[in-house]
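To start, the structure itself, in structure tokens.
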Amino acid sequence: MKRLILTTVLVSGLGLMSKAQEKPHTVKADTKHEHIQLSPQERAAKSAERAEKDLGLTTEQKAKWQAASLERINANEPLKVQMRASATPEERQALRKQMRGNGETFETTVNGFLTAEQKTKRDEVKQSRHHHKHKCGTKHEKHGKHKKENGGKVSPKASPQVQPKIDTK
């Protein structure tokens with residue numbers, strides 16, 4: 001009787017373990033850790049579609065947005081590669097400055113063909129996304145207050161200092 005119970009438990013345990021090892025058939029594309037690599041053209045098209053939805057762009061405006069976005073993406077791509085490979089903070093800062101310049105060029109181009117109403121709507125959308133991003137927390141806020149809110153200093157929660165052990169012998 002003991003052997004029968006032991007065999008039953010062993011077989012059912014092995015069955016459960018094998019079931020746990022199987023991958024799920026459906027994988028959600030919108031999970032936090034999954035990253036889908038899009039081509040620059042696909043990213044530009046996605047950006048233009050979002051702008052069309054948010055701002056009510058015309059077909060002509062959407063085409064201009066997509067072209068400006070593709071230009072920015074193509075200009076920033078080699079800078080991102082260099083940033084991943086660069087070691088010094090000064091190099092990274094210089095690359096960020098170039099990327100900011102590309103972003104400003106994009107902004108100038110886009111503001112050139114948007115109507116006043118669309119510009120206002122775009123500012124509102126940007127503010128709401130910025131507010132939502134900071135309300136939900138950024139990687140800087142996970143460890144206490146943001147540097148800017150703390151006078152440029154990292155909060156004690158963000159970088160706990162290890163107290164040296166003093167040997168009193």
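Derived scalar couplings between HN and Hα for region 47-60 equal 4, 5, 5, 5, 5, 4, 5, 6, 10, x, 5, 7, 4, 5 Hz in order, rounded to whole Hz, by the Karplus curve 6.51 cos²θ - 1.76 cosθ + 1.60 (θ = phi - 60°), x for Gly and Pro. Counting lysine pairs in region 37-111 whose alpha carbons fall under 20 angstrom apart, excluding pairs fewer than 8 residues apart on the same chain, gives 6. If the Kirkwood radius is taken over C-alpha pairs of region 37-111, then at 10 °C and 1.306 mPa s the Stokes-Einstein diffusion coefficient equals 120 µm²/s.
Computed from the coordinates by the stated procedures, all read-outs in this text should not be read as laboratory data. Everything quoted here is computed from the prediction, not taken from an experiment.
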